[in-house]
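Undergrad: Take a look at this one; I'll ask things after.
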Amino acid sequence: MARVYNFSAGPSMLPEDVLKTAAAEMMEYGTTGQSVMEMSHRSKEYQAIFDEAEANLREIMNIPDNYKVLFLQGGASTQFAMIPLNLMNKNKKADYIITGQWANKAYKEAARYGEARAVASSADKTYSYIPKTTAVDFDPEADYVHICMNNTIYGTKYHKLPDTGDVPLVADISSCILSEPIDVSKFGMLYAGAQKNVAPAGVTIVIIREDLIGNAMDITPTMLNYSTHADNGSMFNTPPCYAIYIAGLTFKWIKKMGGLEAIREINVKKANILYDFLDNSKLFKGTVVAEDRSLMNVPFVTGNDELDAKFVAESKAAGFVNIKGHRSVGGMRASIYNAMPVEGVEKLVEFMKKFEEENA
Ligand SMILES: *Cc1c(COP(=O)(O)O)cnc(C)c1O
């Protein structure tokens, strides 16, 4: 078996430990005589898996008791509608910061339900930076302010949160969840599709302050109402059982690694190996301003489309896959989520050095 170094932006690598446990438990979970995939979601065996997953996530992220954790379906993209339907409920206004395609999609969806306002944008420079805002930029009457914390396509990240005063901050953390500690109490709500850093596609994690639940617009479909899921322990209907089980294995792996502080240290180390190389390379360069660089997604270019294509092809042949950049940025992108080992980044940089010597 030869596993590649997979730099995919998502779905992406999972920790080998997690895959091995899942493989070992595939035919029979414990002494149940069945795979987790085959279990009733109402069984006590499955409920135990579910409860342990939630408890471990709460522990790792230090989630305060007045927040609900929901395991939903529909991906982060369904949250783009659920957020306005549930939260745009007092003044029907919300402020959005446009830091890339995902933030823009969230904004456009909200505009269908109320007065969504684009407060700031970095579209002028292909979203290569995080626009600066101060408290006065936000409408104190907005029901919430929405940001995308880590911009998967463009490789930027909020290193400091915007000051939104008393207006609840809502953040899409799909591509940075569990990459480092986060102060949940600074947010009204956090959400993430699992397929970047947690589990296979199919489960979406929502962490929401309890006082923000229960005031959805009348038109809100039952399945898109946070109350429905909060009141039923995420089991109003069949949850994405297997994806939640894998998420649970990832949470255990993070605990074993020493928690989010330890994970951050490794992620900083990996990102620095790559950024240090890019900053000193004569051929490759990063596309993001230094102060807003992501720990998880690192886009880079040579400045020459043909050389970029050659690099993508040769790196793939050498076992570094999914390194082609998003079409809106071009070039390359190395997504280095939690499961990417330090060695994978070191080997990639070695390969880039060799390519540089051969093509400079
Ligand atoms: C991948 C991604 C999404 C889309 O997630 P889906 O689960 O496919 O809907 C949204 N936001 C961010 C930041 C992402 O990285």
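The values are calculated or read from the model by the stated rules, or taken from the named source; none is laboratory data. Treat the numbers as computed from the prediction; the structure is a model and nothing was measured. Please note: Cβ atoms are built from the backbone with ideal geometry, for glycine as well, and neighbour counts cover all protein chains shown. Please note that ligands, DNA and RNA were not included when accessible areas were found on the heavy atoms of the full protein model with its side chains. Shrake-Rupley method; radii C 1.70, N 1.55, O 1.52, S 1.80 Å.
Undergrad: Quickly run through the stretch 48-84 and pick out the residues that are closer than 28 Å to Ala216 by Cα, buried (at least 18 other Cβ atoms within 10 Å of the Cβ) and away from the ligand (no atom under 16 Å from the Cβ).
TA: Phe50, Ala53, Glu54, Leu57, Met61, Ile63, Tyr67, Lys68, Val69
Undergrad: Return the residues of the stretch 288-322 that are of a type in the set (A, V, I, L, M) and crowded, with 21+ Cβ neighbours inside 10 Å; say none if nothing qualifies. So that I can check it myself, show each step before the final result.
TA: Keep residues of the stretch 288-322 that are of a type in the set (A, V, I, L, M), which gives 288-290, 295-296, 298, 301, 307, 309, 312-313, 317-318, 321.
Across the stretch 288-322, the qualifying residues are Val288, Leu295, Met296, Val298, Val301.
Undergrad: Does Met235 satisfy the condition of being over 20 Å from Thr152 (Cα atoms), more than 20 Å from the chain's Cα centre (by Cα) and of a type in the set (A, V, I, L, M)? Spell out how you get there, then give the answer.
TA: Numbers: over 20 Å from Thr152 (Cα atoms): yes; more than 20 Å from the chain's Cα centre (by Cα): yes; of a type in the set (A, V, I, L, M): yes.
The answer is yes for Met235.
Undergrad: Another question about this same structure. So, of the residues in the stretch 99-126 that are in contact with a helix residue (DSSP H, G or I) (Cβ under 7 Å, 6 or more places away or on another chain) and open to solvent by less than 10 Å² (accessible area, probe 1.4 Å), which turns out to be nearest to the ligand (Cβ to nearest atom)?
TA: Ala106
Undergrad: Can you pull out the residues in the stretch 323-338 that are buried (at least 16 other Cβ atoms within 10 Å of the Cβ) and without any contact (Cβ under 8 Å) to a residue 24 or more places away in the chain?
TA: Lys324
Undergrad: Determine if the stretch 39-47 includes at least one residue that is open to solvent by 20 Å² or more (accessible area, probe 1.4 Å) and touching a Cys at 6+ places or on another chain (Cβ under 6 Å). Explain how you work it out, then say what you get.
TA: Keep residues of the stretch 39-47 that are open to solvent by 20 Å² or more (accessible area, probe 1.4 Å), which gives 40-45, 47.
The next check asks that each one be touching a Cys at 6+ places or on another chain (Cβ under 6 Å); those that pass are 41.
Yes, that holds for at least one residue.
Undergrad: Restricting attention to the stretch 294-301, does a residue exist that is more than 19 Å from the chain's Cα centre (by Cα) and of a type outside the set (A, V, I, L, M, F, W, C)? Talk me through it step by step, then tell me what you get.
TA: Step one: list which residues in the stretch 294-301 are more than 19 Å from the chain's Cα centre (by Cα), which gives 300-301.
Retained after the next criterion (residues that are of a type outside the set (A, V, I, L, M, F, W, C)): none.
Within the stretch 294-301 (the criterion being more than 19 Å from the chain's Cα centre (by Cα) and of a type outside the set (A, V, I, L, M, F, W, C)), the answer is no, since none of the residues qualifies.
Undergrad: Just give me the residues in the stretch 169-186 being within 15 Å of the ligand (Cβ to nearest atom) and not in a strand (DSSP E or B), in sequence order. Outline the logic, then answer.
TA: Looking only at the stretch 169-186, we keep the residues that are within 15 Å of the ligand (Cβ to nearest atom), and these are 170-179, 182.
Answer for the stretch 169-186, where residues must be within 15 Å of the ligand (Cβ to nearest atom) and not in a strand (DSSP E or B): Ile173, Ser174, Ser175, Cys176, Ile177, Leu178, Ser179, Ile182.
Undergrad: Continuing with the same structure: Leu87 - would you say it is in the same structural domain as Tyr158 (by TED's automatic domain parsing), within 16 Å of the ligand (Cβ to nearest atom) and of a type outside the set (Ser, Thr, Tyr)?
TA: Values: in the same structural domain as Tyr158 (by TED's automatic domain parsing): yes; within 16 Å of the ligand (Cβ to nearest atom): no; of a type outside the set (Ser, Thr, Tyr): yes.
Here the answer is no, as Leu87 does not meet what is asked.
Undergrad: Now for a different question. Can Ile147 be described as more than 25 Å from Val301 (Cβ to Cβ), open to solvent by 10 Å² or more (accessible area, probe 1.4 Å) and within 16 Å of the ligand (Cβ to nearest atom)?
TA: Numbers: more than 25 Å from Val301 (Cβ to Cβ): yes; open to solvent by 10 Å² or more (accessible area, probe 1.4 Å): no; within 16 Å of the ligand (Cβ to nearest atom): yes.
Judged against the criteria, Ile147 is not a match.
Undergrad: Which count do you get for residues in the stretch 272-287 that are among the polar types (S, T, N, Q), in contact (Cβ under 8 Å) with a residue 60 or more places away in the chain and either open to solvent by 30 Å² or more (accessible area, probe 1.4 Å) or in the same structural domain as Val198 (by TED's automatic domain parsing) (or both)? Full working, then the answer.
TA: We begin by selecting, within the stretch 272-287, every residue among the polar types (S, T, N, Q); these are 272, 280-281, 287.
Subset that is in contact (Cβ under 8 Å) with a residue 60 or more places away in the chain: 281, 287.
Now narrow it down to the ones that are either open to solvent by 30 Å² or more (accessible area, probe 1.4 Å) or in the same structural domain as Val198 (by TED's automatic domain parsing) (or both): 287.
The total comes to 1.
Undergrad: Considering the stretch 64-123 alone, what residues qualify as being acidic (Asp, Glu) and assigned to a helix (DSSP H, G or I)?
TA: Glu109
Undergrad: Could you check the stretch 215-251 and list, in sequence order, the residues that are surrounded by fewer than 19 Cβ atoms within 10 Å (Cβ to Cβ) and outside any helix (DSSP H, G or I)?
TA: Within the stretch 215-251, Asn215, Met217, Asp218, Ile219, Pro221, Asp231, Asn232, Gly233, Met235, Phe236, Asn237, Thr238 qualify.
Undergrad: Quick one: in the stretch 1-38, of everything that is crowded, with 16+ Cβ neighbours inside 10 Å, of a type in the set (A, V, I, L, M) and farther than 30 Å from Trp102 by Cα, which residue is farthest from the chain's Cα centre (by Cα)?
TA: Looking at the filtered set, the residue picked out is Val36.
Undergrad: Okay, next question. How many residues does the stretch 127-142 hold that are of a type in the set (A, V, I, L, M, F, W, C) and either touching a Pro at 6+ places or on another chain (Cβ under 7 Å) or open to solvent by 80 Å² or more (accessible area, probe 1.4 Å) (or both)?
TA: Step one: filter the stretch 127-142 for residues of a type in the set (A, V, I, L, M, F, W, C), giving 130, 135-136, 138, 142.
Narrowing further to those that are either touching a Pro at 6+ places or on another chain (Cβ under 7 Å) or open to solvent by 80 Å² or more (accessible area, probe 1.4 Å) (or both): 136.
So the answer is 1.
Undergrad: Testing Glu306 on (1) assigned by TED's automatic domain parsing to the domain that holds Ser179; (2) not in a loop (DSSP other than H, G, I, E, B), one condition comes back false. Which one is that?
TA: (1)
Undergrad: Across the stretch 203-214, what is the total count of residues that are more than 16 Å from Phe251 (Cβ to Cβ) and assigned to a loop (DSSP other than H, G, I, E, B)?
TA: Total satisfying the criteria: 2.
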